[in-house]
Each structure stands twice: as C-alpha cells, then as structure tokens.
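Worksheet: one structure, shown below.
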Amino acid sequence: MIHATVAGPSLPYAMPVRIGILGCGSIARTAHLRSLTRVGGARVVALADPSPANLDDARRLAPDARAVTDYTDVLAMSDVDAVIIALPPSLHADAAIAAIHAGKHVYVEKPLATTVADAERVAAEWQRSTVRAMMGFNYRFNPLVQQAREQIAAGAVGDLVSVRTVFSSPRRSVPDWKQQRESGGGVLLDLAVHHIDLIRFLLATEVARVSADVCSVQSEHDTALLQLGLTNGCSAQAMFSLCTVDDDRFEVYGSSGRLTIDRYRSLRVEVSGAAAGNSLGAAAARFAGEMIGAPYALRKLRAPMHDPSFPAAMEAFVRSIETGTAVSPTLEDGLRAAAVVDAAELSGSSRRVITIDNRKAPRTQPLVDAAGR
C-alpha cells in the first residue's frame, strides 16, 4: 500500500489559500470555479488554458486572476499555493508531477492518469512529498453517498451479497480528445472511475477480479459492462455508457434488504426490506421519504451542476491546506481506480478474467488458465 507522508501540524494560513486552475474547460468553469466562490478562505489567483475562449469564460468567474496559456507558468508563480488540475486526462500525470515538484498542493480531477503506469508515477512522487494531494472523486462528498456508507456499515441491509450499478449519459457534443481513448476519452475514464471508487468507498473493500466487455458504439470505448469480484467476497455488476440515457444508480443487496442511491431521481437513500410488501405501502413510504429529502433537494438545486458534492470537495481540499492535515480521497484512491480500468481494458481485449494484486501498489496480471498457459 502507498501512504503519503504528511508534514506535521502547521499553523492555519494567515491569508486565503491562493489557487491556480490548470485547464479552464467546462468542468473547471461549471464545477470547480463556481464551487470555489462558495469556499471561505479560498482565492483563485491564476488561470491557465491554451484556448482564448475558455480563458475568457473563466475570467468572468475569477476576474482578478491572471490568465496564461501555459499551465507551467502557473506552477512558477510564487504566490500560488495550490492547483486544480482539470486538463485533458492525457496531461494529468505530467502536470501533477510538475506541480508536486514545484511544491504546490494538488487536486487532480479524475482520472489520475490514462494508464496505470502513469498513475503509479504520480503516486510515487506524491509519496515522497509533503504536499496535500486530493483525487477528484467528488461523489464521495454527496450527502446521499455519505449516509449510505454509514447505513451499510451499521448493517442496514445485513450481510453484503452483491452490488449493481449503472452510470450513463446521452450522446453529447464533446471535445475531440474525449472521442479517443489514447487522449483520455472513453467511458471507463469518464464515468466508470467514479463508481469503481464508490464500490471501494461504500463497501470498504478492494476489487480483486475483473471481467469486462468494452464496446465502441458511437465513439471509441463509449460503453462497458463490468463484472467485478471483491476482496470481501461480494460481486459487482456495472454498466457504463456515453450513448444512452442519463442514469446514475447504485444498489447494494444484502441478506436482509437492498439499499439504493439514485442520484438523479431520488432525494434520499432508499432501504427496502427482504420482503417486497404491498405496492401501495411501498409507494406511500417512498412519498414520505421524498418529503423528508426536501432539505437535500434545496442544496442540490443551489449547487453547481446540481450536486452538492462539488463545493464540499473543494472545501475539504482548502481546509486540508489551511490546517496541514491529510485529505481524502488521496492519489492512492486514484491509482486503485486506474488499476481496475487497466484490468477492464485488458479483459476486454483478451477475453479473460484479470486479477488485481492488492498486496502492494496495484498491478494487473492475467489469471493462469486451466492449461497452465
């Protein structure tokens, strides 16, 4: 396992945490920049993007920030304490390593890297540093996810049996880099990494085995079906697609019930017993539950991209810098997700089950078949 070395407790920052945004595309503008305006003690002082249009749009949200076209210029600024890396994924690894070398605290938007080898390089540099480094798995901070984790740990569904998840979106106009796997496109790097991380986070387990079908329906690697074996003995089935409908559901089945998070269509964590019960009673319970979820609905409506996890993640990152404390999710979590993506792609191309060695830094290797080959 990789563990970061964190400097001892430091005094709170006397000034706002000064942040540079590396990459000013849509996610940086709609999620990171809008969220940072709500975080006390944070100030965006620099913006970097090769696109003049992106910089112009970002400057409307951070009018006092300096704007440059090369992200390395931001890393050279002495008055930048931390950076948000929201560049195309093929640049994440090199940008993160350069930021760590420059002594900047780092928030890396998912994925950590486009290959597990590059993810390992980043994690190794972070391990040798004392900077705070946070992985952009913001959905961990969604109130429904945090409630679900507590309920699962408390035995709300009994002994865990299996997990079923789906995360999909309709076909949308996207930058060219998102249409090619080599430059960081594809559903595994775009959507699947979030649910891979949530499986680990919600169930406190690791992925041990991966079997996958990876398809190119409308763009390269835009649909994937995964069968995962977990170290706690459970199995998980997952479907991810960039060319169907908006859907984001996570279901946990246990010996005494089922827990469901439906991020788009529900305002609460739904827990149902082993017996289905009558349909009228179930409908009444669902209605009552949605009424209880009204405060969450208000938070959701007010949040960037209608998800309160984005400002919560930004706040956690800023507070960790202010106080000198460790932060989660870490780059190790990004590395773990990268290992599962690597295994899924290897499984899809080889038509074999792939095992992941969780005894050390994640690496994948094919299972030996019955003939010993």
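No value in this document is a laboratory result; all are computed from the given coordinates. Remember, predicted model here, so these are calculated numbers, not experimental data. All Cβ positions, glycine included, derive from the backbone under ideal geometry; neighbour counts span all protein chains shown.
One table, with the values for the structure above:
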| item | result |
| --- | --- |
| Selection from Pro111, Tyr71, Ala58, by position along the positive dipole direction of the stretch 55-149 (Cβ) | Pro111 |
| Residues with amide H under 5 Å from that of Val68, placed H, sequence gap 5 or more | Leu47, Ala48, Asp49 |
| For the stretch 82-231, radius of gyration divided by Kirkwood radius, i.e. Rg to Rh on alpha-carbons | 0.99 |
| In sequence order, calculated HN-Hα J values of the stretch 88-95 (Karplus, 6.51, -1.76, 1.60; Hz; x Gly/Pro) | x, x, 5, 9, 4, 4, 5, 5 |
| nm² value of the averaged projected area, convex hull over the Cα atoms of the stretch 17-139 | 7.0 |
| Principal-axis tilt of helix 193-203 within the chain, Cα atoms, nearest 10 degrees | 60 |
| Distance-filtered residues of the stretch 160-204 - backbone nitrogen under 13 Å, label point 7 angstrom along Ser255 Cα→Cβ | 160-162 |
| Total charge dipole magnitude, the chain, about the Cα centre, Cβ charges on Lys, Arg, Asp, Glu only, Debye to nearest 20 | 660 |
| In nm, spacing of pseudo-spin labels at Gln237 and Arg38 (7 Å Cα→C-beta vector) | 3.6 |
| Amide proton proximity set for Val327, modelled H, under 5 Å, gap of 5+ | Ala133 |
| For the stretch 143-306, radius of gyration divided by Kirkwood radius, i.e. Rg to Rh on alpha-carbons | 1.00 |
| Helix 52-61 axis, angle to the chain major axis (alpha carbon atoms, nearest 10°) | 90 |
| Per residue Cα convex hull volume in Å³ - calculated over the stretch 174-251 | 92 |
| Positive dipole terminus of the stretch 289-357, leading residue within Ala337, Tyr296, Val318 (C-beta point charges) | Tyr296 |
| MRE, 222 nm, helices only [DSSP H, n ≥ 4, -39500 (n - 2.57), over the chain, to nearest 500] | -9500 deg cm²/dmol |
| The stretch 49-97 shape via C-alpha gyration tensor axes, a/c threshold 1.5 | oblate |
| Environment charge of Met135, counting only residues whose C-beta is closer than 11 Å and scoring Lys/Arg +1, Asp/Glu -1 | -1 |
| Estimated vicinal HN-Hα couplings, Hz - the stretch 24-32 in sequence order (Karplus 6.51, -1.76, 1.60; Gly, Pro = x) | 10, x, 5, 5, 5, 6, 7, 10, 5 |
| Packing rank of 60-66, 36-42, where each peptide gets the mean count of other beta carbons within 10 Å, highest leading | 36-42, 60-66 |
